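Just below is one structure, and these are the notes that go with it.
The values are calculated or read from the model by the stated rules, or taken from the named source; none is laboratory data. As the structure is a prediction and not an experimental result, all values here were calculated from the model. Counting neighbours? That spans all protein chains shown, and the Cβs are built from the backbone with ideal geometry, glycine included. The area values use the complete protein model at the heavy-atom level, side chains included, leaving out ligands, DNA and RNA. Shrake-Rupley method; radii C 1.70, N 1.55, O 1.52, S 1.80 Å.
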Amino acid sequence: GDEVSQGSNSDDDALPEEHIVQHALDAGWFNLFVSELWEFVNEAVLKTVNLKVMVALRQQAVVHKDMLKKLGVDPQVLERAKLAQFQLGPKPLQFGALSLYRKSVQETGEKVIQLDMDVDYEDAVDICVDAIVMKLRITKLSFHGRVSIVLRPLVSEKPIVAGTQIFFLDVPTIGYDFEVADAGTALSALVNMLKSTIRKTVLMEFQNAVVMPNRVLVQLKVSEALEQTIDWGAVTHPSPEGVLRVRIVSARDLVGSDIAVFTQPTSDPYFTISIGSQTVKTSVISRTCNPDWPEEEHFDFLCFHEDQQIVLDCFDEDMFSADDLLGRVRGVTIRQMRDRARTVDGFKYALWLNLDVSEVEGAEGLQGKSRVFLEMQFFVLSHEIPGRQQAELEAKAAAGELQTTELTQSIVGKVPSDGVSDIDDASPMSSAPKPATSVNATLCNFLGANSCGVTPTARDFPFGASAAPAPTGGCNTAWLSVILHGVRGLPVDMMNKMRVKIVVAGGLRSGGQEEKLSKKAKIKQPRIQWKQQVPLTVQQVIGKMIFEEGLSEQQVAHFTELSPETVKQVVRVHEHFHAQWDQALHFLLASPLDTQVTFSVIADKKKPVGKVHIMVHELLQAKHLSVKECIQVPFGDNILAQLKARGKESGTVELSLSLKLHYMRKVRSCIPV
């Protein structure tokens, strides 16, 4: 049988179109509104750019230290570089082609309002990076993209709109005009490094923060009772509409970029494929201008909208220099490709696309000739277990071949509630595992509003959902989504900048294991009625003075000029803070029954707190492929040694997360609007 569940050939099997009411709007009023705010935008952008770009330059100094020395450049040039000037031009962003939608979220039926609009910017700017031995200026900046603003959730009490999401369907186009001052030809490598770092850093920031599936969430203040009914994890990380499988079959008449002595010039071509913030790279086919890729090499992408673009770039791989561009495809959406493609077998679509070679050196006469052949296949994501998987699961369970963890005792026979119970954030934490009936109640303390993207690792592409790594055989059959909500059970100073490392092993198409690291957590304060207001930073200092330096509460009260009652209250709630992520990480699985997921909680400075693992088949046995749980993570020896000094001999931290397992089912249509 097929590796994935296959629907029938009837028209009923096509993806249903989502009910949408659309209105076209004039953008004049919005542009006027933005122009009044423009003077405040410069300072806000400056703070972000100054932090991110300067950090990236210092990282480049470390990574390329030896290379810079060989070029006669002191690495401290980059380490000490600074943003000397930052001034955007007087012309504000321009918005156009506004469309207003009223639509329903397919998974829940929830009503949302969405505003889509083009955004353009092109103006003279004055941005200067001072790298001591030279200055790099940006004199002109351009920006083009299509932004979406979603009002969600909508509630039946004030403020009516409880949250606003902002995101781009695709990576926006950003252009720069650079000028170099005080730099000779010997510093050309440094100049190129600075340009590349600026481009990549700005692009990565956009991808990580606001390119689908990542988004910015502005959460409005609502009543405490209403907030407890909102699942902010689901709001910030909505489920995808489906999966698009893409295969680069072949390319023809590519530019010969590598000069050969006795033969015609040739290339070593490969493609990068991008949808939203997901990017993959094909294998390299050596010494040919007419490459064919292996039949088993395909890539799966999460799709959230059929108006997302598929971006293709073809390069010639070079060993000792930057890879040469051979052609690219831009501005083609999933919907357009589906409409232009021909059906191969009722489920697959195939088409030729011309490569744009206008920017390719030596491509004279090849415009309209260089082209690429694609195959595409669409899948919906279903919570139904395919019959073959169910039979295999039952056979292994009967033979006693399935390993279980505490997750099994927690979810078997229990249907998780979609609501959230009312629990006092300052209530004492129990170090003993909680019974199954109270696990979901504990979750409520971790639901919050944070929408940053996933922190990339060496294997990840930016952000939320990375496409599959290079395949080695077989097909993916399911997609596992892990939404990290938060963790508590440690003193607040230990949870600062806490991360979770997730390792998936045993069921991957590529074999081996896949590892992803969460972003740094943010500390969330318990809801406390303070007799005397105490800032979070002061609370952290008080905790350090008492628990690490051994000062008495009376001494701390004297040093901080707080009342003894307030210091006592700070100490009482010190261990009831929690770290918060509300971040989604996604994994493609070829064999869910054989998949183990390990969660390692890591404190600041890479100190391990503890780890726990679950088996994906536990979700299948429970016949509930979407759960919200608090998993008890036992303390490791390293953390126990620190806690003993604080009077805590043993215990666990509570890791709050949601697990969603989606099976991929073939369909004859495309991703809905």
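Can you confirm whether Val332 is surrounded by 21 or more Cβ atoms within 10 Å (Cβ to Cβ) and either more than 27 Å from His662 (Cα to Cα) or at pLDDT 85 or above (or both)? Criteria not met by Val332. Where strands (runs of 3 or more DSSP E) sit wholly within the range 240-324, those with at least 1 residues that are at pLDDT 90 or above and over 29 Å from the mean Cα position of the chain (by Cα) occupy 242-252. Given the condition of a type in the set (Ser, Thr, Tyr) and either more than 22 Å from Lys140 (Cβ to Cβ) or touching a helix residue (DSSP H, G or I) at 6+ places or on another chain (Cβ under 8 Å) (or both), answer yes or no: does some residue in the range 183-191 qualify? Among the residues of the range 183-191, at least one is of a type in the set (Ser, Thr, Tyr) and either more than 22 Å from Lys140 (Cβ to Cβ) or touching a helix residue (DSSP H, G or I) at 6+ places or on another chain (Cβ under 8 Å) (or both), which makes the answer yes. Scanning the range 335-359 for residues that are modelled with pLDDT of 90 or more, under 19 Å from Ser274 (Cβ atoms) and part of a strand (DSSP E or B) yields Leu353, Asn354, Asp356. If a residue has to be closer than 30 Å to Met117 by Cα, in a strand (DSSP E or B) and touching a helix residue (DSSP H, G or I) at 6+ places or on another chain (Cβ under 9 Å) to count, how many in the range 74-102 make the cut? Of the residues in that region, 6 qualify. Check the range 230-239 and report whether any residue there is open to solvent by 20 Å² or more (accessible area, probe 1.4 Å) and part of a strand (DSSP E or B). The answer is no, given that none of the residues of the range 230-239 is open to solvent by 20 Å² or more (accessible area, probe 1.4 Å) and part of a strand (DSSP E or B). Residues that are modelled with pLDDT of 80 or more, within 20 Å of the chain's Cα centre (by Cα), open to solvent by 50 Å² or more (accessible area, probe 1.4 Å) and within 29 Å of Glu227 (Cβ to Cβ) occur at least once in the range 518-526. Checked against the criteria, Val129 does not count as closer than 30 Å to Leu25 by Cβ and buried (at least 16 other Cβ atoms within 10 Å of the Cβ). The set of residues from the range 361-386 being among the small types (Gly, Ala, Ser), more than 15 Å from Asn476 (Cα to Cα) and either open to solvent by 20 Å² or more (accessible area, probe 1.4 Å) or modelled with pLDDT under 85 (or both) comprises Gly362, Ala363, Gly365, Gly368.
Taking the criterion of being small (Gly, Ala, Ser) and within 19 Å of Asp177 (Cβ to Cβ), the residues of the range 41-91 that qualify are Ala84, Gly89.
Pairs linking a residue in the range 54-76 that is farther than 15 Å from Lys195 by Cα to a residue that is surrounded by fewer than 12 Cβ atoms within 10 Å (Cβ to Cβ), with Cβ atoms under 8 Å and 6 or more positions apart or on different chains, are Leu71/Ala186; Gly72/Ala186; Pro75/Val62; Pro75/Lys69.
Filtering the range 134-160 to residues that are surrounded by 15 or more Cβ atoms within 10 Å (Cβ to Cβ) and among the aliphatic types (A, V, I, L, M) leaves Met134, Leu136, Ile138, Leu141, Val147, Ile149, Val150, Leu151, Val155.
Looking only at the range 136-157, count every residue that is touching a residue at least 60 places away in the same chain (Cβ under 8 Å) and of a type in the set (Lys, Arg) and tell me the total. Total meeting the criteria: 1. In the range 161-196, the qualifying residues are those that are buried (at least 20 other Cβ atoms within 10 Å of the Cβ) and at pLDDT below 85, and the one that is farthest from Arg146 (Cα to Cα) is Leu187.
Considering only residues that are touching a Lys or Arg at 6+ places or on another chain (Cβ under 8 Å) and modelled with pLDDT of 90 or more, which ones fall in the range 126-145? Across the range 126-145, the qualifying residue is only Asp126. When we screen Ala322, Ala398 for residues that are farther than 24 Å from Val171 by Cβ and out of contact with any strand residue (DSSP E or B) (no Cβ under 7 Å at 6 or more places or on another chain), the only hit is Ala398. Of the residues making up the range 197-221, those that are in contact with a strand residue (DSSP E or B) (Cβ under 9 Å, 6 or more places away or on another chain), farther than 29 Å from Leu381 by Cβ and open to solvent by 20 Å² or more (accessible area, probe 1.4 Å) number 3.
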